[in-house]
Amino acid sequence: MNGAEPPVGFLQNFCDLTPDNVLNRLTRQTIVDAAFYLKDIIRPTPFLEMAWLNHKIQGNAFLKLENMQLTGSFKTRGIYIKLLSLSQEEKQRGIITISSGNHALGVAYHAQTMGIKATIVMPESTPFSKVESIRPYGASVILHGKNMMEAKDFCLQLIKKHHYTLIHPFNDPYIIAGQGTVGLEMLTEVPNLDVLVIPIGGGGLAAGICIAAKAINPNLHIIGVQSEVCAATAEILFPNTLPSEPCYLNKTLAEGIAIEFPGELNLAILSEHLDDCLVVPEKYIQSAIQSLINYSKLVAEGAGAIGVAGLMYASHLFQNKRVGTIVTGGNIDARVLSTVLSQNYKDHGCFIRCQIETEDSPSILGQLSHVIGKAGGHIFELSQQKLLHKVPARMTFIKAVIETQNSEHAHYVFQALVSSGFMAQILEE
């Protein structure tokens, strides 16, 4: 496969693996062996220093770009190793998983390339775009249940009926080993890192990286990062990191790591190797997505951007440090991305909404456009209302959404309208 003999005993039977013995059985060598099998399968993703993040943290920030990986996320690593470990009989019976995101996509992709029948169970509320991204890989997609719990119950019924093999998204030794290769690559390329900031959902990625990284450099400081909406690992291992104010949101932008409880194997590994946790407010995840596009021209989903969100949120912790984190995935729904970017403009005062009362004349829209353009504004949307009962005869209401450079420029454009004789007022959202 790679021009050399495969590691002896790597694809061993982990059926007796428990949280009590996982640290003895899953080692750096296990992850090195996984890297052997992945060498010609996955893409070698870049690990790049980002000047804008350097400025933000007053240190050196490096991003591992797993959003450029096969199927758009790191998940493809562990899935391939897991499928490689299956017996011929298990492959013939077929595999099944429950996921509405990157894990499902990775399972479908590798199952097709390896000739394994795959079934993906997703909740009925899964966006069409996610469902359709999986179908081209030939997997059978079943939409069942109002939520992930109901979908999981149905998945277990199918396993009992058809004897499928479950491909768990995170609580599996082969998955952990495959994900750990991300850490090997990071420390091979930039060996003198001081800190790793790792997103945590179910914990497979963080556990694998912890095993590899701590074996290479026991003094490396490893910090997990979670959203305030779903901070299960932080709550268990580092309750002091939880926000003093309770979070009333019930949904996170980082839906890929919205896990109610980490895997038991992963928790045992993290309790030994994880040094700290950051619990990040949702607004920082949104800012991270926006900043990655604005400054690095990189598209990241919410879970993919949460490592960067951690650096932005706790920038003071990383001053004069060499810090690495991972952009874990880039499969963001187009509608969500549009909303996030529009919110960015609004937050920075780059959009103003005005209502303008003026005399109704054939040239009025031209005059209005001239004033806005001369002031440097860009008309994003324009609508005129003539037929409302409360609009006086020979008068008209014009609603304008104007794009500006920033809040100061927005004020300048508005004052230009007023100075030109237009009766204008700012409309609140």
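Given their separation in residues at 0.36 nm each and the Cα-Cα distance between them, PHE36 and VAL336 gain 104.3 nm when the chain is fully extended.
Give the calculated FRET efficiency between SER369 and ASN320 to the nearest 0.05, with a Förster radius of 51 Å applied to their Cβ-Cβ distance.
0.50
By the Stokes-Einstein formula, at 1.306 mPa s and 10 °C, the chain with its Kirkwood radius over alpha-carbon pairs has D equal to 67 µm²/s. Each helix, a run of at least 4 DSSP H residues, gives -39500 (n - 2.57); summed and divided by the residues of the chain, these come to -13000 deg cm²/dmol at 222 nm. Taking amide H atoms as placed 1.01 Å from N in the peptide plane, the amide H of VAL225 lies under 5 Å from those of ILE198, ILE200, LEU278, each 5 or more residues away in sequence or on another chain. When both bridge partners sit in the chain, DSSP labels roughly 45% of those beta bridges antiparallel.
Quick one: if the Förster radius is 51 Å, what FRET efficiency do GLU272 and LYS399 give, using the C-beta to C-beta distance and rounding to 0.05? Efficiency, rounded to the nearest 0.05: 0.30. Note on the chain: GNM, Cα springs under 10 Å; of ILE57, ILE222, ILE364, the largest mean-square fluctuation is that of ILE364. In order along region 405-418, the phi-based Karplus estimate (6.51 cos²θ - 1.76 cosθ + 1.60, θ = phi - 60°) of 3J(HN,Hα) comes to 6, 6, 5, 5, 5, 4, 4, 5, 5, 4, 5, 5, 5, 5 Hz; Gly and Pro are listed as x. Peptides 282-289, 87-94, ordered by how many other C-beta atoms sit within 10 Å of their residues on average, highest first, read 282-289, 87-94.
Summed over all non-identical Cα pairs, the Kirkwood treatment of region 349-426 gives a radius of 12.5 Å. With a cut-off of 13 Å, note down the residues of region 315-342 whose backbone N falls inside the zone around a label point 7 Å from the Cα of LYS297 toward its beta carbon. Correct set: none at all. Across region 41-54, computed HN-Hα scalar couplings (Karplus, 6.51 cos²θ - 1.76 cosθ + 1.60, θ = phi - 60°) run 9, 9, 7, x, 6, x, 10, 10, 7, 10, 4, 5, 6, 4 Hz from first to last residue, x flagging Gly and Pro. Residue-wise HN-Hα couplings along region 193-201, as the Karplus relation 6.51 cos²θ - 1.76 cosθ + 1.60 with θ = phi - 60° gives them from phi, are 5, 9, 9, 10, 10, 10, x, 10, x Hz; Gly and Pro carry x.
What pairs in LYS91/LYS152; LYS160/LYS251; LYS214/LYS321; LYS39/LYS251; LYS297/LYS399; LYS117/LYS297 have C-alpha atoms more than 27 Å from each other?
Pairs exceeding the cut-off: LYS160/LYS251; LYS39/LYS251; LYS297/LYS399; LYS117/LYS297.
The stretch between ARG43 and HIS163 holds 39.9 nm of extra length on full extension. This uses 0.36 nm per residue minus the Cα-Cα distance. The mean sequence distance of close C-alpha pairs (under 8 Å, at least 6 residues apart), as a share of the length of the chain, puts its relative contact order at 16 percent. Put simply, the amide H of GLY59, placed in the peptide plane, has neighbours under 5 Å in ASN320, leaving out anything fewer than 5 places away on its chain. Helix 282-296 and the long axis of the chain differ in direction by around 90°, with both axes built from C-alpha atoms. Modelled spin-label separation between GLU124 and GLN355, with each label point placed 7 Å from Cα along the Cα-to-Cβ direction: 4.1 nm.
If you plug the beta carbon distance of TRP52 and GLN92 into 1/(1 + (r/R0)^6) with R0 = 56 Å, you get a FRET efficiency near 0.65.
Quick note: the coordinates plus some simple rules give every number you see, no bench work behind them. Given the structure is predicted, the values throughout are model-derived calculations rather than measurements. A quick note on method: Cβ atoms are made from the backbone with ideal geometry, for glycine too, and the neighbour counts reach across all protein chains shown.
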